[in-house]
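Shown next, in structure tokens, is the structure this report addresses.
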Amino acid sequence: MSNKRDLKRTINYICGDLFTEGIAASLYGEEHDNDNTEAILTSVLVMHSNYIRRVSHVEPGMPAKVYFNDLKDKFSKEVNEIVDQLNNLA
């Protein structure tokens, strides 16, 4: 990522796509479990706001490159967990 704006845009796109997939899975999936669907959609929204805030405020005492690499790794890990939950939902 070249700058914070691009990173925020990427996070917005990924979280938006995850939210859309969650809505589609809840509407068109074979099992209609509203509690699991609501939990997944809530976790996507919480993840979105958490990571957008973390992009804006770099942790003091940590080099920026190390911080943003750690941020990207943790974000990817959480996205993969939500994708697995969505696959189990559908």
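Quick rundown of the values:
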| read-out | value |
| --- | --- |
| Lysines with Cα under 18 Å of LYS77, excluding same-chain neighbours fewer than 8 positions away | LYS8 |
| Estimated distance in nm for a label pair at GLU59 and THR42, the labels positioned 7 Å out from Cα along Cα-to-Cβ | 2.7 nm |
| Separation between Cα centres of the stretch 54-76 and the stretch 18-50, rounded to whole Å | 27 Å |
| Neighbour-limited loop hits for GluC sites (Glu not before Pro), the stretch 1-42 (at most 14 other Cβ within 10 Å; DSSP other than H, G, I, E, B) | GLU30, GLU31 |
| Over the chain, equivalent-ellipsoid semi-axes from the Cα gyration tensor in Å | 29, 11, 10 |
| With every protein chain in place, the stretch 1-83: carbon and sulfur % of accessible area (1.4 Å) | 53 percent |
| Accessible-area value, THR37, 1.4 Å probe, nucleic acids and ligands omitted, Å² | 10 Å² |
| Surface per residue (accessible, 1.4 Å probe) for the chain, Å² | 68 Å² |
| Contour minus Cα-Cα distance for TYR28 and LYS74 (0.36 nm per residue) | 13.6 nm |
| Rounded to the nearest 10 Å², the accessible area of HIS57 at probe 1.4 Å | 140 Å² |
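The values are calculated or read from the model by the stated rules, or taken from the named source; none is laboratory data. These figures come from a predicted structure and were not determined experimentally. Positions of Cβ are backbone-derived with ideal geometry, glycine not excepted, and every protein chain shown enters the neighbour counts. Ligands, DNA and RNA are excluded from the accessible area calculation, which covers all protein heavy atoms including side chains. Shrake-Rupley method; radii C 1.70, N 1.55, O 1.52, S 1.80 Å.
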